[in-house]
Amino acid sequence: MLLKGKTILLGVSGGIAAYKSACLASRLVKSGAEVHVLMTEHARNFINPVTFETLTGNKCITDTFDRNFEFNVEHVALAKKADSVIIAPATANVIARLAHGLADDMLTTTVLACQCPKIIAPAMNTRMYENPVTQENLKLLEKFGMEVISPASGRLACGDTGSGKMPEPDILLQYVLKSCALPKDMAGLKVLVTAGPTQEAIDPVRFITNHSSGRMGYSIARMCMLRGADVTLVSGQTALDPPLFVNTIPVISAMDMFHAVTSNSQDKDIIIKAAAVADYRPAHVSDEKVKKADSEMSLALERTDDILKYLGEHKVPGQFLCGFSMETEHMIENSRKKLINKHLDMIVANNLKEEGAGFAGNTNVVTFITPDTQTELGVMDKEDVAMCLLDEILKRIR
């Protein structure tokens, strides 16, 4: 419920993509937001206001001079209350009016009065979108501080194929979350996060890996982004979609991750190593599939590069380095050794055998360990663990 307590204004203008806006309104409500929908007169030709009123529990506003409304000066009162406004779909006509400060209906008057973040999701015919006039108007909106979402490409309602489709509601939701879900207390900080498993090839068919899902690292990267940080995520192979607005670098092996991390570490303020990196790899990788034989087979292994130790030994002054330690026994003792031996500022320890912890689930049970403190958390959602971890790091670097 990242939008709990937030007021979101959803502007809907007259395009066929207006039907998707109902799904967006629903997702905003499920994220905890109070949602007010403002429709242009033309939008009512595509979707009934009753749909939005049912989804949001608030009256859908279309008339600037509606006297049966709770506010005396509706557009000003809503503008003051709003934490973010998104116009989806935004037609060429609405974009042009906003770009030139025209305020001739409830939607444009309200947006003109808003001082909160404003997000524009263009949706129109490809040739209309690519028209130099529309492109110039979009540049004006960006110049005035509005965020313009690039439309998707595909087959349009008119039968043409190209740019101009409104992105799916889940993507639009992520833009709203980025705009106002969390305080931007990490703005100006550069953060490097690692996540997921590595895969160490035996032959072209087989590899050694572990059960890491990458969910903990992805949660950390996403929370950093929502709090305003400039985030780089180095990720092993996972089934997760990379978080939006994060620079994601995909890797496969421990060696790949070593090179990706070390080449991106020097300018980072915070490094959080949540990846489950293989400690060993096959000493020899066969060019052909290793065939089954009647006798036993042994596999010679060699050590991989210790990324965390390297970072600790080459830490930039002022840089905060946090590692993860998954154990099955002697968790605190083993984690403290790693903290000291690898020159870390903090380590996040968890026990694979503890209920609620482990690889694939949505929850974790962790203990934050620093040279002078030890903080135990109960069973928590991994995004909540990420929030607590970032709170703890910010306390220490400031």
| task | Filter region 163-186 down to residues that are hydrophobic (A, V, I, L, M, F, W, C), over 30 Å from VAL277 (Cβ atoms) and over 14 Å from the mean Cα position of the chain (by Cα), then give me how many there are. | result | 1
| note | Of (1) within 13 Å of ARG215 (Cα to Cα); (2) at pLDDT 95 or above, ASP267 satisfies every one except (1)
| Within the bounds of region 377-397, is there any residue that is assigned to a loop (DSSP other than H, G, I, E, B) and within 20 Å of VAL261 (Cα to Cα)? | no
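Which residue, of TYR218, TYR175, is hydroxyl-bearing (Ser, Thr, Tyr), in contact (Cβ under 8 Å) with a residue 24 or more places away in the chain, assigned by TED's automatic domain parsing to the domain that holds ILE86 and part of a helix (DSSP H, G or I)?
Values: TYR218 fails: assigned by TED's automatic domain parsing to the domain that holds ILE86.
Criteria check complete, one pass: TYR175.
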| Unmet criterion (only one of (1) under 21 Å from the mean Cα position of the chain (by Cα); (2) in contact (Cβ under 8 Å) with a residue 60 or more places away in the chain) for VAL148 | (2)
| message | If LEU233 meets every condition in (1) of a type outside the set (D, E, K, R); (2) crowded, with 17+ Cβ neighbours inside 10 Å; (3) not assigned by TED's automatic domain parsing to the domain that holds PHE359 apart from one, which number is that one? | response | (3)
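Can you name the residue in region 351-398 that is polar (S, T, N, Q) and under 24 Å from the mean Cα position of the chain (by Cα) and, of all such residues, is surrounded by the most Cβ atoms within 10 Å (Cβ to Cβ)? Show your work before the answer.
Step one: filter region 351-398 for residues polar (S, T, N, Q), giving 351, 362-364, 367, 370, 373-375.
Restricting the remaining residues to those that are under 24 Å from the mean Cα position of the chain (by Cα) gives 362-364.
Details: ASN362: 12, THR363: 16, ASN364: 23.
It comes out as ASN364.
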| field | Residues of region 221-269 satisfying the condition of being farther than 18 Å from LEU311 by Cα, in contact (Cβ under 8 Å) with a residue 24 or more places away in the chain and out of contact with any strand residue (DSSP E or B) (no Cβ under 9 Å at 6 or more places or on another chain) | value | MET223, LEU226, ARG227, GLY228, ALA239, LEU244
| query | For region 242-286, list the strands (runs of 3 or more DSSP E) that sit wholly inside it and hold at least 1 residues that are more than 21 Å from the chain's Cα centre (by Cα); which are they? | reply | 280-282
| query | In region 128-144, how many residues are in a helix (DSSP H, G or I), over 19 Å from LYS165 (Cβ atoms) and out of contact with any helix residue (DSSP H, G or I) (no Cβ under 6 Å at 6 or more places or on another chain)? | reply | 6
| said: Tell me the residue from LYS289, LYS353 that is outside the structural domain of ILE252 (by TED's automatic domain parsing) and part of a loop (DSSP other than H, G, I, E, B), please. | reply: LYS289
| note | LEU344 fails exactly one of (1) surrounded by 15 or more Cβ atoms within 10 Å (Cβ to Cβ); (2) part of a loop (DSSP other than H, G, I, E, B); (3) within 26 Å of the chain's Cα centre (by Cα), namely (3)
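Is at least one residue of region 301-309 part of a loop (DSSP other than H, G, I, E, B), of a type outside the set (Val, Ile, Thr), modelled with pLDDT of 95 or more and under 21 Å from ILE369 (Cα atoms)?
Narrowing region 301-309 to residues part of a loop (DSSP other than H, G, I, E, B): 304-306.
Okay, now just the ones that are also of a type outside the set (Val, Ile, Thr), so 305-306.
Next, from what is left, pick out any that are modelled with pLDDT of 95 or more: 305-306.
Now narrow it down to the ones that are under 21 Å from ILE369 (Cα atoms): 306.
The answer is yes; a qualifying residue exists.
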| For VAL316, which of the numbered conditions (1) modelled with pLDDT of 95 or more; (2) loosely packed, with under 15 Cβ neighbours inside 10 Å; (3) in contact with an Asp or Glu (Cβ under 9 Å, 6 or more places away or on another chain) fails to hold? | (1)
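Being within 30 Å of ALA357 (Cα to Cα) and of a type in the set (D, E, K, R) is the requirement here; does ARG206 meet it? Steps first, please.
Details: within 30 Å of ALA357 (Cα to Cα): yes; of a type in the set (D, E, K, R): yes.
Yes; evaluated as a whole, the condition is true for this residue.
The values are calculated or read from the model by the stated rules, or taken from the named source; none is laboratory data. Since we're looking at a predicted model, the values are computed, not measured. Counting neighbours? That spans all protein chains shown, and the Cβs are built from the backbone with ideal geometry, glycine included.
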